[in-house]
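Asks: Structure provided below as structure tokens; questions to follow.
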Amino acid sequence: MHTHDTHEQHGHGESELGNRYISEHYYYVDIAPYPTTPWGKFSRALKRTLRGELFVGLWVVLREMFKFDIHTVQYPKEKLLVGPRYRAVHAMQRLFESGTERCIGCGLCEKICISNCIRMETRLDEKSRKEVSEYTINLGRCIFCGYCAEVCPELAIVHGPRYENVSEQRAHYIDYAGMLTPIDMAISGEQKEFDGFGAVTPHEDARVKQTPLAY
Amino acid sequence: MSIHFTIDGRSVSAKRGESILQVARREGIYIPTMCYLPKTTPNASCRMCVVEVEGVSGFVLSCNTPPVEGATIRTDSTALFKERQNIMKLYNVNHPLQCGVCDKSGECDLQNKTLEFEVSEQSFATKEQKRKNKKWGVLSYDPYLCIMCEKCTAVCNQVVGSEALYIKPGGYKSEIDNHYSRCIQCGECISVCPVGAMASTDFEYTANVWELRKIPSACAHCSSACNLNYEVKEIGIDSGKGEQKIYRVTNEADHDALCGAGRFGYDFENRVSCKDERAFAKVLKAFKEAKTIRFSSMITNEEAYLLQQLKERHGYRLINPEARVYQKFLRAFSSVSGVSLYGGDLKRVAQSDYAIVMGCAVSSDNPMVRFALARAVNNNKAYVGLFHPIEEEGLRNIVTQHLKHEVGSEEALMALLCDAFVPSEVKKSHVSFFESLDVGYICGESSVGEEEIERLVRQRVRKKAPVLVLGADLYAHPRADNIAKMAGLLERFGGFEVVIVPSDTNTMGVALICDLDDEALSPVIGYNAQGDCVLSALGGSDLDMPALNQQEGTFTTVDKEVVPLNAALPYHGYELSDIANALGIVLKHVIDLTCKLPKEKGYKEVAFDDLPNRYLNHGVQIRGYMLEPLHVSCEENIGVIADIQEYNGTILYRCNPISQFNLFTDKTHQINDRAVILGSSQFAEAAKIKSGEEVRFVIDGRAMSRKFQVSSKLKGTVAYHPDFDSFEKSAAYRYQKVTFERV
Ligand code: SF4
Ligand code: SF4
Ligand code: SF4
Ligand code: SF4
Ligand code: SF4
Ligand code: FES
């Protein structure tokens with residue numbers, strides 16, 4: 001009942017909010033009062049030591065071992081599939097078929113990045129288009145919030161599934177070339193459209209409106 | 001006489017001539033606009049500024065409508081919002097959806113107002129036209145992005161006075177075009193363009209604007225010391241190294257202007273990696289032996305003050321010939337005007353309705369003189385009379401009357417002005433001077449006709465704000481002293497406000513702060529000037545010094561203001577203050593000296609950090625402080641004018657190309673004028689040379705060789721001879737006779 005009391009003491013709104021997360025069939029565990037005297041504490045320790053709870057745990061492990069039905073993933077031999085919305089190390093996409101880089105250098109990812117870890121430089125390329133000349137993400141600072149992928153108007157920067165980030169350096173950078181889909185993969189169609197964070201949602205087609213054109 | 005009315009329930013009052021919008025801005029009440037540019041007359045083409053006036057049906061354009069007494073005005077309502085939303089919808093017709101790759105993104109009026117008025121889709125379209133992107137030197141124009149607000153044409157005509165930009169009409173097809181030969185590449189049109197249509201060729205796509213850090217400072221290239229922002233960012237992605245560069249220069253374009261040098265000539269910094277102790281020790285030794293410090297006026301007030309302190313303590317002679325002649329000129333002027341400073345400034349010139357200009361290369365000496373005159377002509381229909389031996393095609397729209405005179409006759413012409421404008425009671429105290437004037441002789445020798453002078457004089461009748469602008473031709477004139485005194489007379493009694501345009505960035509500051517000497521004694525230390533031991537902000541000298549975009553300090557401007565200069569880029573080497581410290585003048589920062597500048601010269605005791613630098617909503621600039629004009633004792637002896645010397649044969653005029661002032665502008669990557677002699681074809685014929693030929697000659701005791709080029713924009717028999725490519729500045733009369741020798 002101890003916990004319940006503290007709940008009562010809070011303001012009305014907050015206790016309601018707290019209750020939202022408590023299902024109906026939950027109940028409070030009756031916890032015996034903590035010993036306060038030295039003797040009480042000593043006898044509690046003695047009881048716990050002699051009750052042999054440790055062996056209960058050991059037995060469970062032993063039992064499961066002999067069942068040969070182990071759920072442990074044999075990492076790194078086995079890897080779990082991550083969900084599409086998992087936010088791991090970034091990748092830079094290309095357009096299908098043409099293989100043109102999708103990133104237009106708009107700088108929105110650099111602007112929105114909450115930990116200020118994207119830096120980029122742009123320039124005018126030979127075709128008078130804006131081109132990203134340098135681009136880097138400091139993964140030592142990135143918190144993988146996904147804002148960059150979400151804000152990107154071109155679906156260029158995405159979070160790939162690569163979650164292994166072992167590095168010998170505290171500041172671990174990746175640059176543009178390292179993130180970019182190799183061009184042959186893009187042309188051969190091996191690049192996967194990203195359907196995670198920041199991607200277009202499946203029903204988007206219905207919501208898109210055409211820009212009026214008068215030709 | 002003011003007009004009282006209410007805007008959004010607030011009672012306000014307007015001065016005569018103010019529009020509703022101007023009053024609203026002054027009062028901090030927001031009215032959206034798309035085509036309004038405060039420094040020009042309203043274009044009234046966008047209709048965004050509409051407001052509701054009680055009792056008036058329909059909407060009223062606030063930008064060009066003056067309020068009436070007792071009116072009740074609303075700036076916002078559902079109907080107004082709808083109206084403005086519809087306008088924004090129309091602006092967005094066919095506008096390319098390319099904010100992601102537009103230089104203006106993040107500071108674009110169209111972007112801002114499209115969001116403000118909640119236009120979330122393009123609802124209309126029209127047949128797209130085939131148009132071509134244009135490149136005009138520093139300008140890149142994208143007609144697809146252009147919203148035809150006409151700000152660029154307005155500024156080019158009314159502020160710059162070039163009339164280069166114009167509208168090529170054709171309904172939806174209309175676009176902006178450029179008479180490129182008239183364009184002076186000032187970039188004013190870029191700065192006022194509300195969208196990305198008129199962009200800087202150099203800046204294009206090099207940085208997203210919100211990544212740039214703005215450092216408000218003062219331009220270092222001429223005596224206007226215009227207010228500008230250096231915009232800096234790290235170089236490259238490896239920001240750990242922290243090396244920065246200036247990406248571009250912007251300014252408060254609604255209210256203020258910049259010339260091409262200020263806008264595009266920013267990368268003159270001197271990059272040094274560390275303090276060079278060996279060089280420093282060597283230079284200190286040189287200082288201990290030196291007898292003279294020669295320096296240029298590309299210097300802050302504080303450093304000039306430091307040099308003066310060094311002089312007082314160690315007895316150095318201070319040599320700066322260019323500032324010296326200015327100093328003498330100003331003193332001679334004051335000795336008759338009775339006030340330590342001249343009375344006018346460029347703001348007064350812009351507001352004037354009658355201007356006489358003498359001895360000044362209007363476009364290139366100080367471009368803001370040209371801009372101020374252009375504004376005067378466009379805003380007040382000012383009458384501008386220019387006395388100059390060379391006719392310049394580019395000033396066609398600014399100069400009403402060109403009084404083309406013979407080289408060397410400035411003194412006599414000034415005397416004619418005195419004769420015309422000084423009242424007769426005053427003339428009595430200068431009897432010998434006025435009686436000796438021989439108008440016929442002067443007109444004959446100067447080849448300015450009597451009727452030309454008469455016309456100029458007649459035009460002054462009923463003008464309310466006449467100004468007289470004097471330039472650097474006069475300061476080194478053989479008769480400078482007397483010219484200055486006559487100018488003093490004109491200011492005191494002739495009803496003119498005079499502006500004596502300082503010839504270099506801080507000539508005024510140097511002239512006021514330093515006791516300059518005439519003769520150098522060797523050995524000489526040169527600070528951005530020639531000497532036996534040279535300290536230079538251009539590098540490659542005995543000791544590197546910070547350039548003016550790497551220093552803090554103040555300048556004294558043509559407007560007699562003390563304005564702050566902030567460092568855009570860091571400097572890692574030694575500065576003048578380190579030398580002063582080693583020579584026994586203890587100070588921590590140069591800017592500690594700002595409050596110590598001499599009060600007896602008009603400076604005030606204001607600390608550097610207390611110098612304001614901002615604009616009020618309605619465009620009033622609050623920047624630094626004004627020098628205090630002080631009374632000085634008058635003497636009244638004006639000398640009898642000398643005979644007019646004849647300058648025949650091949651005459652060169654020391655004058656730099658527009659925007660190319662000195663070695664610093666020359667160092668910047670966007671200003672590329674080369675040092676050639678420019679003359680008319682008439683000059684080429686007389687001097688018997690052809691365009692492209694190299695000639696050798698001796699000028700002012702210096703042997704030189706230069707290429708000659710014919711310019712179609714010039715007329716007459718005097719050619720331009722630049723001196724921006726050298727530290728050695730001559731303080732001789734700007735016109736010199738030379739003999740060409742073909743190489
Ligand atoms: S995931 Fe978040 S923190 Fe990481 S780069 Fe993107 S915006 Fe920055
Ligand atoms: S938001 Fe996308 S398109 Fe824009 S710079 Fe970043 S990656 Fe490139
Ligand atoms: S750069 Fe200056 S002169 Fe040239 S078009 Fe623009 S405003 Fe006019
Ligand atoms: S170029 Fe810019 S300033 Fe000129 S009309 Fe077009 S939008 Fe207006
Ligand atoms: S050079 Fe002179 S006119 Fe041009 S921006 Fe600089 S201070 Fe202003
Ligand atoms: S601001 Fe008044 S019409 Fe454009």
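The values are calculated or read from the model by the stated rules, or taken from the named source; none is laboratory data. Bear in mind the structure is a predicted one, so any value in this text is a computation, not a measurement. Methodologically, a virtual Cβ is constructed for each residue, glycine included, from the backbone with ideal geometry; neighbour enumeration extends over all protein chains shown. We work out accessible area using only protein heavy atoms, side chains counted, and drop any ligands, DNA or RNA first. Shrake-Rupley method; radii C 1.70, N 1.55, O 1.52, S 1.80 Å.
Asks: How many percent of all Cα-Cα pairs in the range B:362-470 sit more than 19 Å apart?
Replies: 50
Asks: Moving on to the next point. Would you tell me the accessible area of B:Leu678, worked out with a 1.4 angstrom probe on the heavy atoms of the protein chains, in Å² to the nearest 10?
Replies: Its accessible surface works out to 50 Å², give or take rounding.
Asks: Ok, one more. Ignoring ligands, DNA and RNA, how do B:Ser633, A:Ser43 rank by accessible area with a 1.4 Å probe, largest first?
Replies: Working: B:Ser633 100, A:Ser43 35 Å².
Per-residue accessible area, sorted high to low, gives B:Ser633, A:Ser43.
Asks: List the GluC sites (Glu not before Pro) within the range B:522-607 that fall in a DSSP loop (any state other than H, G, I, E or B) and whose Cβ has at most 10 other Cβ atoms within 10 Å. Intermediate results must be reported in sequence, preceding the final value.
Replies: Working: sites: B:Glu552, B:Glu561, B:Glu575, B:Glu600, B:Glu605; in loops: B:Glu552, B:Glu575, B:Glu605.
Here the GluC sites (Glu not before Pro) that fit, given the DSSP loop and packing criteria, are B:Glu605.
Asks: If I take R0 = 45 Å and measure r between the Cβ atoms of A:Asp69 and A:Thr49 in this structure, what FRET efficiency does the formula 1/(1 + (r/R0)^6) give, to the nearest 0.05?
Replies: On the way: r = 33 Å, r/R0 = 0.74.
Step by step, r from the Cβ atoms, then E = 0.85.
Asks: Here's something else I'd like to know. Largest first, what is the accessible-area ranking of A:His203, B:His430 with a 1.4 Å probe?
Replies: Order by accessible area, largest first: A:His203, B:His430.
Asks: Give me log10 I(q)/I(0) at q = 0.14, 0.16, 0.23 Å⁻¹ for the range A:90-200, Debye formula, one equal scatterer per alpha-carbon, no solvent.
Replies: Scattering profile of the range A:90-200, log10 relative to I(0): -0.55, -0.72, -1.44.
Asks: Evaluate the Kirkwood expression for the hydrodynamic radius of the range B:651-742, namely the inverse of the mean inverse distance over all pairs of different C-alpha atoms, and round to one decimal in Å.
Replies: Its Kirkwood hydrodynamic radius stands at 13.5 Å.
Asks: Additional query: Please work out the FRET efficiency for the pair A:Asn165 and B:Gln645, using the Cβ-Cβ distance as r and a Förster radius of 60 Å; give the result to the nearest 0.05.
Replies: After rounding, the FRET efficiency stands at 0.10.
Asks: Kindly write out, for the range A:114-131 in residue order, the coupling ³J(HN,Hα) from the Karplus curve 6.51 cos²θ - 1.76 cosθ + 1.60 (θ = phi - 60°), rounded to whole Hz, with x marking Gly and Pro.
Replies: Running phi through 6.51 cos²θ - 1.76 cosθ + 1.60 with θ = phi - 60° gives 6, 10, 6, 10, 9, 10, 9, 10, 10, 7, 8, 8, 5, 8, 6, 10, 6, 9 Hz.
Asks: With no solvent and one point on each alpha carbon, what is the Debye value of log10 I(q)/I(0) for the range B:610-673 at q = 0.11, 0.15, 0.22 Å⁻¹?
Replies: -0.83, -0.98, -0.94
Asks: Can I ask one more? Between the DSSP loop rule and a limit of at most 16 other Cβ atoms within 10 Å, which GluC sites (Glu not before Pro) in the range B:57-114 are left?
Replies: Details: sites: B:Glu69, B:Glu83, B:Glu107; in loops: B:Glu69, B:Glu107.
In loop regions of the range B:57-114 (DSSP not H, G, I, E or B), the sparsely surrounded GluC sites (Glu not before Pro) are B:Glu69, B:Glu107.
Asks: How high is the relative contact order of chain B? Use alpha-carbon pairs under 8 Å, at least six apart in sequence, and give a whole percent.
Replies: Normalised by residue count, the contact order of chain B is 14 percent.
Asks: Among B:Lys15/B:Lys113; A:Lys130/B:Lys245; A:Lys127/A:Lys209, which pairs are too far apart, with a Cα-Cα distance over 23 Å?
Replies: In this structure, B:Lys15/B:Lys113; A:Lys127/A:Lys209 exceed 23 Å between Cα atoms.
Asks: Now, a different point. With each run of n ≥ 4 DSSP H residues scored as -39500 (n - 2.57), what mean residue ellipticity at 222 nm is computed for chain B after dividing by its residue count and rounding to the nearest 500 deg cm²/dmol?
Replies: One gets -7500 deg cm²/dmol as the mean residue ellipticity at 222 nm.
Asks: Could you work out the pair-distance distribution P(r) of the range B:179-227 from its alpha-carbon pairs, with 5 angstrom bin width and percents rounded to whole numbers?
Replies: Result returned by the calculation: 4, 14, 16, 26, 23, 12, 4, 0.
Asks: While we're on this one: In the range B:536-624, carbon and sulfur make up what percent of the accessible area (probe 1.4 Å)?
Replies: 46
Asks: Hey, what does the equivalent ellipsoid look like for the protein assembly as shown, semi-axes from the Cα gyration tensor as sqrt of 5 times each eigenvalue, largest first, whole Å?
Replies: Calculated on Cα positions only, the semi-axes equal 65, 36, 30 Å.
Asks: In the range B:89-157, how does Rg compare with the Kirkwood Rh, expressed as the Rg/Rh ratio over alpha carbon atoms?
Replies: Rg divided by Rh gives 0.96.
Asks: Using DSSP to define loop residues, name the GluC sites (Glu not before Pro) in the range A:71-131 whose beta-carbon has at most 14 other beta-carbon atoms within 10 Å.
Replies: Those that pass, being in a loop and sparsely packed, are A:Glu78, A:Glu97, A:Glu126.
Asks: Can you grab the distance from the C-alpha centre of the range B:243-311 to the C-alpha centre of the range B:521-574, Å, no decimals?
Replies: Distance between centres, Cα-based: 3 Å.
Asks: Here is a follow-up. Taking just the alpha-carbon atoms of chain A, what radius of gyration and Dmax come out, in angstrom?
Replies: Over chain A's Cα set, Rg and Dmax evaluate to 27.7, 94 Å.
Asks: Quick one: compute a quarter of the convex hull surface over the Cα atoms of the range B:236-325 and quote it in nm².
Replies: On the way: hull surface 40.1 nm².
Over every viewing direction, the Cα hull of the range B:236-325 projects on average to 10.0 nm².
Asks: Calculate I(q)/I(0) for the range B:514-649 by the Debye formula, one identical point scatterer on each C-alpha and no solvent, and give its log10 at q = 0.12, 0.14, 0.22 Å⁻¹ to two decimals.
Replies: With no solvent term, the Cα-only Debye profile gives -0.74, -0.91, -1.42.
Asks: To the nearest whole percent, what portion of all C-alpha pairs in chain B is separated by more than 38 angstrom?
Replies: Pairs farther apart than 38 Å: 42 percent.
Asks: Provide Rg over Rh for the range B:2-91; use the alpha carbon set for both Rg and the Kirkwood Rh (inverse mean inverse pair distance).
Replies: Computed over Cα atoms, the ratio is 0.94.
Asks: Further, regarding this structure: Straight-line reach from B:Lys275: which aspartates and glutamates have Cα under 19 Å away, leaving out those fewer than 8 places along the same chain?
Replies: Leaving aside aspartates and glutamates fewer than 8 places away in the same chain, those within reach of B:Lys275 are B:Glu243, B:Asp542, B:Asp544, B:Glu552, B:Glu575, B:Asp578.
Asks: Taking the Cα centre of each part, how many Å lie between the range B:21-72 and the range B:640-656?
Replies: 53
Asks: Heads up, I need the accessible area for B:Val249: 1.4 angstrom probe, whole protein in place, Å², nearest 10.
Replies: 10
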